[in-house]
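Read-outs throughout are calculated quantities, based only on the coordinates presented, and are distinct from any laboratory measurement. All values derive from a computational prediction rather than experimental measurement. With ideal geometry, Cβ positions are generated from the backbone for all residues, glycine too; neighbour counts draw on all protein chains shown.
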Amino acid sequence: MLKKVGILANGGDVSGFNAVIRAIVKTAENHGIECYGIMDGYNGLLKKNFELLSTAANGEAIGILPRGGSIIGSSTNSNLFNYKVKKEDGSVEYEDLSDEAIKNIKDFGFDCIFTLGGDGTQKSARDLYTKGVNVIGVPKTIDNDVACTDITFGYNTAVSVAMEALDRLHTTGATHHRIMVLEVMGRYAGWIALEAAIAGGADVALIPEIPYDINRVAQKIENRKKRGKNFSIVVVAEGAKPKGGELTIMGKRDNGEGVDNTKLGGVGQVVATQLEKLTGLEARNTTLGYMQRGGTPTAFDRVLSTKYGTKAMELALEGKFGTLAVIKDGKLNYATLEEVVGKNTKIGAVSGNTEESNIRKVTMDNDLVKTARDIGINLGD
């Protein structure tokens with residue numbers, strides 16, 4: 001019998017966090033179960049920072065469906081199994097504090113923890129489940145790369161924002177006869193870039209899964225010029241890289257082992273500079289950045305998030321712990337967290353894009369790839 005559950009949001013914020021929280025709370029209340037927000041992601045488990053969530057009058061979960069962000073906060077790169085600890089002398093060490101977090105869970109009486117997050121979040125959830133914690137995941141990521149599900153919440157809103165940006169860049173590009181480059185999120189998967197390019201009428205889409213040849217891109221633009229089209233729209237995922245080249249990295253973080261410490265960014269400007277030299281057209285880059293994360297969710301994401309939240313609570317009521325609520329073939333379902341992490345079974349290792357990780361990338365037989373090619377979008381190959 002479930003009496004008390006906790007909800008944590010982890011990783012970068014996306015539109016739809018609050019809609020999931022609301023759905024879990026409302027479904028739980030219908031079964032007489034108390035819901036608590038675990039504030040600031042996995043950090044809240046260590047600090048015992050738990051706040052009651054309710055849809056009663058003046059409750060924390062009232063009116064949050066259209067709100068962006070997360071009313072319970074979130075955390076990035078907070079790996080309980082390799083946690084950054086500052087010592088009194090100012091030095092930094094990384095410690096396994098998972099047992100402390102598990103003790104706090106048990107002491108407070110949580111019967112289940114819902115983990116709203118992406119690849120790293122669900123890897124930590126799997127590790128906690130391995131150590132005896134009842135967990136159920138909900139797939140969240142801008143990049144749409146969580147394994148075992150067709151789509152993650154927050155992704156549709158990000159694509160919609162990118163599409164609107166492309167609509168606006170079209171007018172400037174056409175007016176001034178320029179190449180307009182839009183850099184979007186997508187570290188290791190190109191879903192946003194590809195879908196936004198199709199929706200926004202772009203001419204080129206460069207994604208991490210297809211290393212690009214800048215000369216092929218320039219040729220596409222030159223062919224447009226010959227047809228009297230003196231502007232072009234290029235979408236570039238932040239994780240796109242040239243054939244035989246490396247990722248464009250802004251810097252490095254120091255968050256210990258088991259997390260991705262690279263800070264990507266800047267490939268859009270690199271591409272714009274190269275294309276200007278190769279084509280003779282002025283090129284301008286716009287990096288959309290955090291605009292993709294913020295603000296109110298689309299209707300699609302509100303519905304998807306609500307479906308995910310109710311499904312997660314249903315899984316808890318059925319005792320199906322150690323699972324992830326998913327969409328398979330368009331229908332609500334679930335996958336085990338072991339399936340989600342794949343070969344990435346080492347406790348504490350949470351980074352994506354390793355040989356062991358199991359993130360969902362664009363495959364060359366995907367309908368989006370075929371559609372893009374059919375309408376003449378150049379993919380850099």
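Which GluC sites (Glu not before Pro) does the stretch 213-303 hold that lie in a coil by DSSP with at most 16 other beta carbons within 10 Å?
On the way: sites: 222, 238, 246, 257, 276, 282; in loops: 238, 246, 257, 282.
Those satisfying the criteria are 246, 257, 282.
Go ahead and set up a Gaussian network model of the chain, Cα springs under 10 Å, then flag whichever of 224, 360, 187 fluctuates most.
Of 224, 360, 187, the most mobile in the Gaussian network model is 224.
For residue 91 and residue 355, compute 0.36 nm times the residue count separating them, minus their Cα-Cα distance, and round to one decimal in nm. It would help to have the intermediate numbers written out before the result.
On the way: separation 264, 0.36 × 264 = 95.04 nm, distance 3.21 nm.
Between residue 91 and residue 355, full extension yields an extra 91.8 nm.
Could you work out [θ]222 nm for the chain from helices alone, using -39500 (n - 2.57) per DSSP H run of at least four and dividing by all its residues? Round to the nearest 500 deg cm²/dmol.
Working: 11 runs with 131 residues, N = 381.
Result for the chain, helices only: -10500 deg cm²/dmol.
Compute the distribution of all C-alpha to C-alpha distances in the stretch 255-381, in bins of 5 Å from 0, and list the percent of pairs in each, rounded to whole numbers.
Computed distribution, short to long bins: 2, 7, 9, 11, 15, 20, 16, 9, 6, 3, 1, 1, 0.
Starting from 0.36 nm per residue, how many nanometres of slack lie between residue 150 and residue 47 once their C-alpha separation is accounted for?
Working: separation 103, 0.36 × 103 = 37.08 nm, distance 3.44 nm.
Working it through step by step, the gained length comes to 33.6 nm.
With labels modelled as points extended 7 Å from the Cα through the Cβ direction, what inter-label distance (nm, one decimal) is found for residue 199 paired with residue 246?
About 3.4 nm, to one decimal.
Quick one: Karplus J couplings for the stretch 337-344, per residue in order, coefficients 6.51, -1.76, 1.60, θ = phi - 60°, nearest Hz, x for Gly and Pro?
Taking θ as phi minus 60°, the curve returns 5, 5, 5, 5, 7, x, 8, 7 Hz for the stretch 337-344.
In whole Hz and in residue order, list the ³J(HN,Hα) couplings for the stretch 228-241 that follow from phi through the Karplus curve 6.51 cos²θ - 1.76 cosθ + 1.60, θ = phi - 60°; x for Gly and Pro.
Per residue, the Karplus-derived 3J(HN,Hα) values read x, 9, 8, 8, 8, 10, 10, 10, 10, 6, 4, x, 5, 9 Hz.
If a/c stays under 1.5 just call it rounded; otherwise compare a/b with b/c (prolate if a/b is bigger, oblate if not). Do that for the stretch 191-234, with a ≥ b ≥ c from the square roots of the Cα gyration tensor eigenvalues. Write out the running numbers ahead of the final one.
Working: a/c = 4.01, a/b = 1.40, b/c = 2.87.
Verdict is oblate for the stretch 191-234.
Starting at the first residue of the stretch 288-295, write each ³J(HN,Hα) from the Karplus equation 6.51 cos²θ - 1.76 cosθ + 1.60 with θ = phi - 60°, in whole Hz, x for Gly and Pro.
Rounded to whole hertz, the list is 6, x, 6, 4, 6, 8, x, x.
What lysines does residue 252 reach when the alpha-carbon gap must be under 21 Å and sequence neighbours fewer than 8 apart in one chain are set aside?
84, 86, 241, 263
Report the FRET efficiency, 1/(1 + (r/R0)^6), for residue 30 and residue 219, where r is their Cβ-Cβ distance and R0 is 41 Å, rounded to 0.05.
Values: r = 59 Å, r/R0 = 1.44.
The calculated FRET efficiency here is 0.10.
5 Å is the cut-off here: which amide hydrogens, built 1.01 Å from N in the peptide plane, fall below it relative to residue 179, excluding neighbours closer than 5 in sequence?
232, 282, 283, 284
Ranked highest first by the average count of other Cβ atoms within 10 Å around their residues, in what order do 313-321, 141-149 fall?
Values: 313-321: 17.4, 141-149: 25.9.
Highest to lowest by the protection proxy: 141-149, 313-321.
Taking the simple approach of a point 7 Å from Cα along Cα-to-Cβ for both residue 103 and residue 54, what is their distance in nm?
Distance between the two pseudo-spin positions: 3.1 nm.
Excluding residues fewer than 8 places away in the same chain, name every one of the lysines whose C-alpha is closer than 16 Å to that of residue 307.
26, 140, 328, 331
Quick check on the stretch 303-346: take the gyration tensor over C-alpha atoms, sort the square-rooted eigenvalues as a ≥ b ≥ c, and tell me if it's rounded (a/c under 1.5), prolate or oblate. Before the final figure, lay out each step's value.
Numbers: a/c = 2.50, a/b = 1.51, b/c = 1.66.
Note, shape of the stretch 303-346 comes out oblate.
Which of 373, 22 has the fewest other C-beta atoms within 10 Å, and how do the rest follow up to the most?
On the way: 373 13, 22 23.
Lowest to highest Cβ neighbour count: 373, 22.
Run down the aspartates and glutamates and flag those whose C-alpha is under 15 Å from the C-alpha of residue 48, throwing out any fewer than 8 positions away in its chain.
Cα-Cα hits under 15 Å: 40, 99, 100, 107.
Tell me whether the stretch 171-302 comes out rounded, prolate or oblate; compute the Cα gyration tensor, take square roots of the eigenvalues as a ≥ b ≥ c, and use a/c under 1.5 as the rounded threshold. Walk me through the numbers on the way to the answer.
Working: a/c = 2.12, a/b = 1.40, b/c = 1.52.
Verdict is oblate for the stretch 171-302.
Can you tell me the length gained on complete extension of the stretch residue 291 to residue 366, counting 0.36 nm per residue apart and subtracting the Cα distance?
So the extension gain works out to 24.3 nm.
Within the stretch 167-201, which residues have the backbone N less than 19 Å from the label spot 7 Å out from residue 76 along Cα→beta-carbon, could you tell me?
Residues 183-193 fall inside that zone.
How big is the gap, in Å, between the Cα center of the stretch 45-93 and the Cα center of the stretch 135-166?
21
Quick check on the chain: of the DSSP beta bridges with both residues there, what percent are antiparallel, nearest 5%? Could the numbers behind the result be given before it?
Numbers: 17 of 51 bridges.
The answer is about 35 percent antiparallel.
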